[in-house]
Amino acid sequence: MAHILIVDDDTQIRDMLRQMLEREGYQVSEAADGDKAIKCFREFPADLVITDILMPEKDGLETILGLKREFSEVKIIALSGGGQVAPKNYLLMAQKLGAQRILTKPVERKEMLRAVRELLGDKE
Amino acid sequence: MARILIVDDSPSAIGIYKKMLLRLGYDVVGTAFSGVEGVKQAEVLMPDIVLLDIVMPGSLDGIAAAEIMKDKFDIPVVFLTAYSEDELIDRAKQVEPLGYLIKPFRRRELKAAIEIALYRREMERRLRETDERFRFLAETTGDAFYQLRYDSMTYDYISQGIATLTGYTPAEINTRSFSKLVKKVNIPGEGDAPVDLIIQCRILGQVGEYFADYLIETRSGEMKWLADHSFPWTDDRGQVIGSVGILTDITARKKAEEAYRESEQRLAAVFRQTPAMIVITTLKEGRYLEVNEAFERISGYTRHEALGKTSLELGIYQEPKDREDFVQRLQDYGEVRNYEVTSRDRSGRKIERLVFAVPITYREEPCILSASSDITELKRAQRVLADKQARLNAIIDSAPLAIWSLDRDLCYRDFNAAFGRRFREITGVELREGMRANSQLSPGGAPKWEEQYQRALKGERVEAEHAFKVRGEDLFVRITFGPIRSESGEITGALMLGQNITDQKLAQEALRRSEERFVLALEATRDGLWDWNPKTGEVYFSPRYYTMLGYAPNELPPSYDTWTASLHPEDREGAIQKLESCIHGASNYESEFRLKTKSGEWRWILGRGKVVEREADGRALRIVGTYFDITERKESEANIRHLNNILRSVRRVSQLITREKDRDRLIANACDVLVKNRGYSFAWIVLTDDRGSLLAAAQAGFSEDRLPMAECLEERRFPECVLLALGRPGVLVLHPAAGLCRGCPLSGKCGSRGVMTSRLHHDGVVYGAQAVSLPTNFVFDAEEQELFGELVADISYALYNLEQENKMKRLEAQIRQTQKIQAIGTLAGGIAHDFNNILFPIMGYSEMTMDDVTAGTRAHRNLEAILKAANRAKDLVRQILTFTRQTDHVLEPLALQPLVKESLKLLRASLPTTIEIRADIDPSGGPVRADATQIHQIIMNLCINASQAMAQRGGTLKVDMREIELDSHQDAIRLNVSPGKYIRLTVSDTGCGMEPHVMDRIFDPYFTTKALEEGTGLGLSMVHGIVHSYSGAIEVTSQLEAGTTFQIYLPIVLGPAAVPEPKPVSSHLANRESILVVDDEREVATVIQLMLETLGYQVTALTDSLSALEMFRSAPEAFDLVITDLTMPQLRGDRLSRKLLEVRPDIPIILCTGFDTEAVDEIVMGAAIREYLTKPVVKDRLAEAVRRVLDQDKGK
């Protein structure tokens, strides 16, 4: 079963996503920021990383960069809820940095799962 | 070296001698073989010694030759002889040879003989010289030398001088005869004594020296003093055998001594008895060494009391420091003269002394000889005199008269202060005694002065008047010149007294002028003259009296009744009363009244008169006076009063307009003021809008006649005068006679003089018109019109100000609105992220739970409701973000026309058929910098609002778009935009319209008139926000039940319009410039690198600022731009920037920072950094900033 790493500083979102994905049978790990995510990935590489953009310490863009540098094959979905600056910019940037999918919070379940399945398709 | 001559008859002997002499070192100067030859040789050679053979052949033997040599040439001889016979030796002795040598002799003997001879010769020479000297002295001086032998009591020798002293020759004098001459003997220590040789002998024996003075009577009977000074004369054994001495004439000295003694005595007497106080004191302490009787008398101290005491001990000086001063002067000048000092006598009485002193040496001590006289009385007298003089001077100086005197040479001598002052005032020169009196006092008038002075000097008394100019004013002086006579009656000078008669003169002059003036006045006056005798009723009227009333002289009978008949009925009583009061008391008469002219007009007359004669009972007998026509003055007085009233009105209006901020009250009060201050009989103001419709009106002064005007205005009909004024600038005067007022409801109410009107306008804007009327007796002259013009300008300006203020208020409201929206936007943007994060789990959990719950149950339906609400919340967040421009819109030049058409197409489908859409889109309008989506939102919002307003009744939606020019200042100000070209989009409906209070709030966020489900209340706020972000403006007008119109103005930009499709960051493409990126966080550096590389730049990214600096230093020209983080270890970004700029001052730098922009500003400015970016860095902004900096750099 595919392994998914969720990176978000919001515990509620992590919990909700974990439940959503476990229900579908995925193995789920979580990290509260980019540094922890990279550390976690090294120990237990994931098939897919779902990361938030705006996080304290190491933000999503940096996390994507760090992961891509170390593990060039990693699949990434970037999520953002918007903020001070136009949210679309961050997501576009994340896409440029190598995120395969970008989604705007809040994301409907079926949209979320569709993106996950598309990326992990053959592993289903 | 002695020179020797050898004389011998034997040549061989000569040879031997010569050889011996030469060997002994003598010089043999010659040889001779005979006496004759020897003498000849000696005469020529003059040798020191001659060696002479005694026995020689020839006429002269040695002895004879020696005799000649000795006598004639004084050359000494040493005899050489082989004989020693006594006879020969004796003969040889006679010539006193210097020596003998007996032949044969040895060399040694020769030497001894020669040396002894030379010595003897030298001794003899010296003795001879001494002897000669003594003899010369003894025989030539007036003194007498003597040598007295005691045993025989005879003079062994007495010199020739005795003859001079006594008149007796040495031969005639002897001790006895000398004793007889001596009349008196004076021996020091012995006193007077007889001439006694025993005494002399005794003194010589005891003292070894003897002095005595003798008074002798000479042969001629003359008395002489001789001084005898003698020494003992001893024999070989030391026994005193007599005395040697000298007698000297000391008569002169004795006489001098005598005279001196006598003088001394006389001096002492003078010293003692002189009336001046003479003292000798020590210089040092002032101790008295000598004082005279005068001192005793004046000081009160006796000589015994004073001597040995100091002047200070005796308290002679009143001020001890006076002595110090006195001594100092003495030392400084070598003497003291006329030194005045105050002393005290023994009793303490004050004594003034005048002192003379010189330094002397007395008893071998530096002393002061001083003589002083008592001048106490003199001083007192002097003081009295000086006081008297001063008093006299004061009297003279304080005299108002100028007093001065001249000497015979016409030079100023004495003068008082008054003259000195006048002199200075007139000439500018300080007068000094001795100055010559020339033309200074009156330039050009010198001869007159001189002549008057000269006459005074000749003894005449002259009086003359002189005129001067002092500081431009006249000064007249009467001067009395008189002689000054000495006691002997001789004229020594002239004395002048000058008296100021200016006032007198001016008074005379004034009198003269006034008389002259009177004559002139009589000739030139416009006054009519009258002369009335109240008793007889006789009157005289001057011709002018008649002509000023239009009559020929004497055309009317000269009577009192003539006057009363022509008086104005209103004035008659008062005028007569005033005149009659003069008859019974008042001496002066003045009255104003009107008189009728021949043509029937009234003239104002000022009558003035004076009672010149009265009867004994006081009744006036004769009154004389004048009539003066003051009609013009009276008229202008009234005019001035009126203008003053108007001016007062103007002032009140000025005050009013600064105070009154309400338009209607302003015009009403203005009218009141104009009328109440009696400037105008009525005033009214009409205000119109820019289309000429009535806005407001006010009036004053019509009272009950107001109604027709109010009616007229209510019907929006303006009187002709107002229409005329509105049509043209300037003040307009309308006379009823011109016929313009015909048909006017106010006709006839405005007064017979008509009205004066003007439009109210300022800065090209017409606000309305104002009209006034004047009281009946005034005319609308130029001055009136000018004042009215000012009044109108003031009121216009006040209206303009009011309008400006209102505009400002509206603008402020608009600005407040924008700020409110912006504040809400910022807040919304801030919470959007968190809000979405919250929504996400709500939605997620809801969806998952719905899986767990059977569909169709209540729980499932509830979950659906939660999900629906969450979705609404999600949409709301998106809308808020849009409305606050938090979404990423790219503004670019855009042609709006196709966008509008596109949007209208969409609308048509959704609007009900009851609504007709009329679009008028001018395709020629220029592009606007905008975002297509936002433009679409604007159109949709406005059109949907419009359609909703017409939902019930249907109607027309009009959309109009065209390019316009906002060139008028007013429009631009009203809209708060810069003047220029704009696209104006007008959306209007024919719907229900809005209440004003609704219109005020339509742009407020969340304000809505719709049902909760229908709208968010953000639509118009969003439109407002977008329009303002495009530097445009939005205006709304609405009328209830008539419709609402929105007008949007968007500024046109230059340049070609883009295709109306959003296109990302295409304008920031790179030109392969090289950029150095420095950030200590590798990821950030990489992100930026990636971003820039995708934009087409060449990028070098480093994480260490020191390496970056090093790299830059090694190749500063390799980079076009540096982008650096601010917070870095080791070398902060701002410091790195500074160092980079040191290497290459033109290198553009962009600073990235995680901080707030304001906090970093200072640092940025300090390091002259071009741009700064806040983290996280967004690609668009990065691209923009990089492009801007590089283009800016290229632009240079």
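Readers should treat all values here as calculations from the given coordinates under stated rules, not as data from a laboratory. Note that this is a predicted model, so its numbers are computed, not measured. When we count neighbours, we look across all protein chains shown, and the Cβ atoms used for this are built from the backbone with ideal geometry, even at glycine.
Results, tabulated for the structure shown:
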quantity: Among the listed pairs B:Lys661/B:Lys981; B:Lys388/B:Lys505; A:Lys96/B:Lys868; B:Lys284/B:Lys350, those beyond 32 Å (Cα-Cα); calculated: B:Lys661/B:Lys981; B:Lys388/B:Lys505; A:Lys96/B:Lys868
quantity: Number of partner chain Cβ atoms within 10 Å, mean per residue of A:93-99; calculated: 3
quantity: Number of partner chain Cβ atoms within 10 Å, mean per residue of B:1082-1093; calculated: 4
quantity: Magnitude of the charge dipole, chain B, Cβ model with Lys/Arg +1 and Asp/Glu -1, debye to 20; calculated: 2020 debye
quantity: Mean-position separation - Cα centroids, the range A:1-15 and the range B:898-930, in angstrom; calculated: 48 Å
quantity: Reach of B:Lys676 by Cα under 19 Å, taken over lysines that are not fewer than 8 positions away in the same chain; calculated: B:Lys749
quantity: B:Ser486/B:Glu433 FRET efficiency (R0 22 Å; Cβ-Cβ; nearest 0.05); calculated: 0.75
quantity: Highest to lowest packing among B:405-416, B:628-639, scored as the average C-beta count within 10 Å; calculated: B:405-416, B:628-639
quantity: Chain B shape via C-alpha gyration tensor axes, a/c threshold 1.5; calculated: oblate
quantity: Centroid-to-centroid separation of the range B:335-352 and the range B:1103-1134 [C-alpha atoms, Å]; calculated: 104 Å
quantity: For B:Thr492, residues with placed amide H under 5 Å, excluding near neighbours; calculated: B:Ile484, B:Arg485, B:Ser486
quantity: Two-site FRET efficiency, B:Arg125 against B:Ser179, from Cβ-Cβ distance with R₀ of 35 Å, rounded to 0.05; calculated: 0.30
quantity: DSSP bridge pairs, the protein assembly as shown: antiparallel proportion in percent, nearest 5; calculated: 75 percent
quantity: Gained length - B:Thr597 relative to B:Asn393, 0.36 nm times residue gap less alpha-carbon distance; calculated: 66.0 nm
quantity: Computed lengthening from B:Glu783 to B:His997, 0.36 nm per intervening residue step minus Cα-Cα distance; calculated: 72.1 nm
quantity: Listed residues B:Ile831, B:Tyr680, B:Pro1148: farthest to the positive end of the dipole of the protein assembly as shown (Cβ charges); calculated: B:Tyr680
quantity: Prolate/oblate/rounded label for the range B:3-132 (Cα gyration tensor, a/c 1.5); calculated: rounded
quantity: Dipole moment magnitude, nearest 20 debye, the range B:399-507 about Cα centre, only Lys, Arg, Asp, Glu C-beta charged; calculated: 140 debye
quantity: FRET efficiency, B:Thr361 to B:Val207 (Cβ-Cβ, R0 45 Å, nearest 0.05); calculated: 0.85
quantity: Sorted peptide list for B:348-358, B:763-773, criterion being average Cβ within 10 angstrom, highest first; calculated: B:763-773, B:348-358
quantity: Sorted peptide list for B:797-803, B:255-261, criterion being average Cβ within 10 angstrom, highest first; calculated: B:797-803, B:255-261
quantity: Dipole of chain B, positive direction: furthest Cα of B:Ala798, B:Val977, B:Ala163, with charges on the beta-carbon; calculated: B:Ala798
quantity: The range B:140-193 and the range B:57-119: distance between their alpha carbon centers, rounded to Å; calculated: 45 Å
quantity: Size of electric dipole in the range A:3-123: Cβ of Lys, Arg +1 and of Asp, Glu -1, about Cα centre, debye, nearest 20; calculated: 380 debye
quantity: Neighbouring partner chain Cβ atoms per residue of A:18-31, average, 10 Å criterion; calculated: 1
quantity: Span-like helix ranges in chain B, DSSP H, alpha carbon extent 24 angstrom or more, Kyte mean at least 0.0; calculated: B:932-949
quantity: Mean separation of Cα contacts under 8 Å, 6 or more apart, over the residue count of the range B:274-379: relative contact order %; calculated: 28 percent
quantity: Prolate/oblate/rounded label for the protein assembly as shown (Cα gyration tensor, a/c 1.5); calculated: oblate
